[in-house]
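The values are calculated or read from the model by the stated rules, or taken from the named source; none is laboratory data. Note that the structure is predicted; figures quoted are calculated from it, not measured. FYI the Cβ positions are ideal-geometry reconstructions off the backbone, even for glycines, and counts take in every protein chain you see.
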Amino acid sequence: MQYVSTRGHSATPSFSEILLGGLAPDGGLYLPQQYPQVSGAELDQWRSLSYADLAYQVLRKFATDIPESDLKALAHKTYGADVYCNARSGDDASQITPLRTLEHKDGNKLVLQALSNGPTLAFKDMAMQLLGNLFEYALARKGAELNIVGATSGDTGSAAEYAMRGKQGIRVFMLSPHRKMSAFQTAQMFSLQDPNIFNIAVEGVFDDCQDIVKAISNDLDYKAAQKIGTVNSINWARVVAQVVYYFRGYLAATDSNDQKVSFTVPSGNFGNICAGHIARMMGLPIDKLVVATNENDVLDEFFRTGVYRVRKSAETYHTSSPSMDISKASNFERFVYDLLGRDSVRVKALFDKVENAGGFDLTGKPGSDGDEFASVIKYGFASGRSTHDDRLATIRFVQENYGITVDTHTADGIKVARENLTPGVTMIVLETALPAKFNETIREALGRDADRPAGFENIESLAQRFEVMPAQADRIKAYVAQHTGL
C-alpha cells in the first residue's frame, strides 16, 4: 500500500510512519494512492465474522507493513466484548455495534447503529481504542516515545485519554475550548490524574484548538525535537478504524450484496463521514452519505450550494450538540482531493485560500474556483441542518415513539435522516454518544435525567486537573516542551 499527501509531497511513507507522524510534511493529509477494492465474494465471507475479525480484514488492506499475525492480535485486543461492555438493554454486547430498527413502514426503514458502548460512551472509542494499541505496538518496535498533541470539542479528548492512559512511551496533551463542553465531557477528561495525561483548556473555540495542533504539526523542527504525534482525525489510522463499522453496519442491515443502504452521520470535522466515503470508494454498496450538521452548518452549506465558507471564531455557535461546534472541517480536504480528480496543486491552492480568504467556491459561476460541485452527486452526498429546537423535538419524538433516549448529536442525525429517506433503501444513522454525556439537554427535552452506566454516577464531583491557557500556539508549544523532558 502506497500513500500520498493531498498537497503533493513526494515521500511515500508506510502506514506505521503515518500513524506516528499525523500530517504530511507539506501540511496535507494522507490517503492511499489507490483505494483497495472489496469484492462481492469478500463481502459474503465477511458476513459471518466477529467485529474483531472484520476489523482485521479491513485493516490488512491498509496496514501492509505490520505482520498479519500482529495485526490480527491487535484487532482482537481492541474489539473484545470486555472492552465494549456498556450495552443497553436489548443490545448484544458481542455485536460491538448492534443495529436497532426505529421505523419500518411505507417502504422506509430507519435504523440506529449503536457505536457508544466503549469506555467513554462515545463513538470515538471505536477508533481510539485501536489507535492506542497501534501506538504502543509501533513505539515498542522502534524503542521510541511519542508526545500526542490533540484537539477536542468534547468526545475525542476523553476517548484518546482513556485509550492512552498508562501506555508506555506516550504522553497526551489535549486542547479543548474552555467552558464549551458539557459538564460530563469536561469531568470525564479533567478528572483523570494519570501522569501521562495533560489537559489544556484553551480560551477560544474548537477551531482555535485545531489550528494550534496544525501549527505545531507544521513546525517540522519542533515536531521532530519533541516527538509530536496526533490523535485527531487528521491521523489516517483513525479514519481507517472508522471504515470498519460502515462495513459492519451494511452487512448487518442487508441479506445480499445486491442491496444498498444509506448512512446519515452527525458531522462537524468530516472525519466520521469521510470514513464512509472511503468505504464507498472501496466498493461498499452505499447509496447516500448524508451529512447532518447543527447550527454550525459549514458542511451543509457546501453540499447545498458548492461554496465552502469557514466561520470566524466569533461566528461559531456554542450549541447543545457541542461536539459539532466546528467551522473548519479538517478532513474535508480528503474528499475535496478526490472531488478534484486528485489534483494536489489545486487542493493546496484551495486550502491556502481557506486560510487566507476564508473559503472557496466550486459552483462554476464567473469568478469561482472551479466547477466540480456538479460532480458531488456521483459520490452520493446529501446534507441537512438541525437546530436546538429540532433536537429537543427529535429527542421527545424518539422517546415517545420508540422508547429510546438519544443524545443531542444523534438527534441531529435522526432529524436529518428522516428528511432524506429513500423507499426501499435502509437508512442507518450512526449513533454519536450516550445521552448521559449531555444530560442538561436531555432534562430540558424530557424533564428527567438520562440513565448513566455504572461507574459514571458522580463523575462531575471528582477532582479536576487542567491548565487554562490563551489560544496562542507558542504558549502551548512551550508548555508541551516543559513537560516532555526533551
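Looking at Glu457, is it within 30 Å of Gln193 (Cβ to Cβ) and part of a loop (DSSP other than H, G, I, E, B)? Give the derivation first.
Details: within 30 Å of Gln193 (Cβ to Cβ): yes; part of a loop (DSSP other than H, G, I, E, B): yes.
Taking the combined requirement at face value, the residue satisfies it.
Residue check, Ile234 against (1) crowded, with 22+ Cβ neighbours inside 10 Å; (2) more than 16 Å from the chain's Cα centre (by Cα), all met but one. Which one?
(2)
Is it the case, given these coordinates, that Asp412 is part of a helix (DSSP H, G or I), among the acidic types (Asp, Glu), surrounded by 22 or more Cβ atoms within 10 Å (Cβ to Cβ) and modelled with pLDDT of 95 or more?
Considered against the rule, which asks whether it is part of a helix (DSSP H, G or I), among the acidic types (Asp, Glu), surrounded by 22 or more Cβ atoms within 10 Å (Cβ to Cβ) and modelled with pLDDT of 95 or more, Asp412 comes out as yes.
Filter region 464-486 down to residues that are in a strand (DSSP E or B) and of a type in the set (A, V, I, L, M, F, W, C) and give me whichever is nearest to Ile212 (Cα to Cα).
Going through region 464-486, the residues in a strand (DSSP E or B) turn out to be 467-470.
Narrowing further to those that are of a type in the set (A, V, I, L, M, F, W, C): 468-469.
Details: Val468: 15, Met469: 12 Å.
So, considering only residues that are in a strand (DSSP E or B) and of a type in the set (A, V, I, L, M, F, W, C), the one nearest to Ile212 (Cα to Cα) is Met469.
Kindly list the number of the only condition in (1) under 19 Å from Gly413 (Cβ atoms); (2) assigned to a helix (DSSP H, G or I) that fails for Ala349.
(1)
Residue by residue, here is whether (1) among the polar types (S, T, N, Q); (2) within 30 Å of Gln259 (Cα to Cα); (3) in contact (Cβ under 8 Å) with a residue 12 or more places away in the chain; (4) not in a helix (DSSP H, G or I) holds:
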| site | (1), (2), (3), (4) |
| --- | --- |
| Pro119 | no, no, yes, yes |
| Leu134 | no, no, yes, no |
| Ala140 | no, no, yes, no |
| Thr156 | yes, no, yes, no |
| Glu161 | no, no, yes, no |
| Phe184 | no, no, yes, no |
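Among the residues that make up region 352-367, is at least one of them among the polar types (S, T, N, Q), in contact (Cβ under 8 Å) with a residue 40 or more places away in the chain, surrounded by 15 or more Cβ atoms within 10 Å (Cβ to Cβ) and farther than 30 Å from Ala114 by Cβ?
Scanning region 352-367 turns up at least one residue that is among the polar types (S, T, N, Q), in contact (Cβ under 8 Å) with a residue 40 or more places away in the chain, surrounded by 15 or more Cβ atoms within 10 Å (Cβ to Cβ) and farther than 30 Å from Ala114 by Cβ.
For Arg475, indicate whether it is modelled with pLDDT of 95 or more, surrounded by fewer than 18 Cβ atoms within 10 Å (Cβ to Cβ) and not polar (S, T, N, Q).
Taking the combined requirement at face value, the residue satisfies it.
Can you name every residue in region 377-399 that is at pLDDT 95 or above, more than 18 Å from Pro435 (Cβ to Cβ) and either of a type in the set (Val, Ile, Thr) or in contact with a Cys (Cβ under 7 Å, 6 or more places away or on another chain) (or both)?
Thr387
Residues of region 23-62 being surrounded by fewer than 16 Cβ atoms within 10 Å (Cβ to Cβ), without any contact (Cβ under 8 Å) to a residue 40 or more places away in the chain and assigned to a loop (DSSP other than H, G, I, E, B), which ones?
Answer for region 23-62, where residues must be surrounded by fewer than 16 Cβ atoms within 10 Å (Cβ to Cβ), without any contact (Cβ under 8 Å) to a residue 40 or more places away in the chain and assigned to a loop (DSSP other than H, G, I, E, B): Gln33, Gln34, Ser48, Leu49.
With the structure loaded, tell me whether Val83 is among the β-branched types (Val, Ile, Thr), on the phi < 0 side of the Ramachandran plot, within 22 Å of the chain's Cα centre (by Cα) and at pLDDT below 85 or whether it fails that test.
Against the criterion (among the β-branched types (Val, Ile, Thr), on the phi < 0 side of the Ramachandran plot, within 22 Å of the chain's Cα centre (by Cα) and at pLDDT below 85), Val83 qualifies.
Test Asn401 against the stated conditions and say whether it is more than 24 Å from Thr101 (Cα to Cα) and of a type in the set (S, T, N, Q).
no
Evaluate the following for Val205: is it at pLDDT below 95 and aliphatic (A, V, I, L, M)?
Yes; evaluated as a whole, the condition is true for this residue.
Scanning region 1-22 for residues that are among the aliphatic types (A, V, I, L, M) and in contact (Cβ under 8 Å) with a residue 40 or more places away in the chain, which turns out farthest from Ala151 (Cα to Cα)?
Met1
Within region 63-74, track down each residue that is surrounded by fewer than 18 Cβ atoms within 10 Å (Cβ to Cβ) and touching a residue at least 24 places away in the same chain (Cβ under 8 Å).
Result: Thr64, Asp65, Asp70.
Identify all residues within region 174-196 that are closer than 18 Å to Asn232 by Cβ and buried (at least 23 other Cβ atoms within 10 Å of the Cβ); write none if there are none.
Met174, Leu175, Ser176, Pro177, Met181, Gln185, Gln188, Met189
Being modelled with pLDDT of 90 or more, within 17 Å of Ala237 (Cβ to Cβ) and touching a Ser or Thr at 6+ places or on another chain (Cβ under 9 Å) is the filter here, so list the residues in region 3-35 that pass it.
Of everything in region 3-35, those that are modelled with pLDDT of 90 or more, within 17 Å of Ala237 (Cβ to Cβ) and touching a Ser or Thr at 6+ places or on another chain (Cβ under 9 Å) turn out to be Tyr3, Val4, Ser5, Thr6, Ser14, Phe15, Ala24, Gly28, Leu29, Tyr30, Leu31, Gln33.
Out of everything in region 381-409 that is closer than 23 Å to Tyr250 by Cβ and within 19 Å of the chain's Cα centre (by Cα), what residue ends up being surrounded by the most Cβ atoms within 10 Å (Cβ to Cβ)?
His409
With the structure loaded, tell me whether Val347 is farther than 22 Å from Pro177 by Cβ, of a type outside the set (D, E, K, R) and surrounded by fewer than 19 Cβ atoms within 10 Å (Cβ to Cβ) or whether it fails that test.
Here the answer is no, as Val347 does not meet what is asked.
Determine, yes or no, whether Arg342 is in contact with a Leu (Cβ under 9 Å, 6 or more places away or on another chain), surrounded by fewer than 17 Cβ atoms within 10 Å (Cβ to Cβ) and under 22 Å from Asn235 (Cβ atoms). Write out each step before concluding.
Working: in contact with a Leu (Cβ under 9 Å, 6 or more places away or on another chain): yes; surrounded by fewer than 17 Cβ atoms within 10 Å (Cβ to Cβ): yes; under 22 Å from Asn235 (Cβ atoms): yes.
Considered against the rule, which asks whether it is in contact with a Leu (Cβ under 9 Å, 6 or more places away or on another chain), surrounded by fewer than 17 Cβ atoms within 10 Å (Cβ to Cβ) and under 22 Å from Asn235 (Cβ atoms), Arg342 comes out as yes.
May I ask you to say which residue of Leu139, Leu115, Leu146 is within 18 Å of the chain's Cα centre (by Cα), crowded, with 20+ Cβ neighbours inside 10 Å and modelled with pLDDT of 90 or more? Quick ask: steps written out before the conclusion?
Details: Leu139 fails: within 18 Å of the chain's Cα centre (by Cα); Leu146 fails: within 18 Å of the chain's Cα centre (by Cα).
On inspection, the qualifying residue turns out to be Leu115.
For every residue, the table says whether it meets (1) farther than 26 Å from Ile395 by Cβ; (2) within 15 Å of the chain's Cα centre (by Cα).
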position	(1), (2)
Val244	yes, yes
Thr264	no, yes
Thr293	no, yes
Leu299	no, yes
Phe302	yes, no
Thr305	yes, no
Phe332	yes, yes
Leu339	yes, no
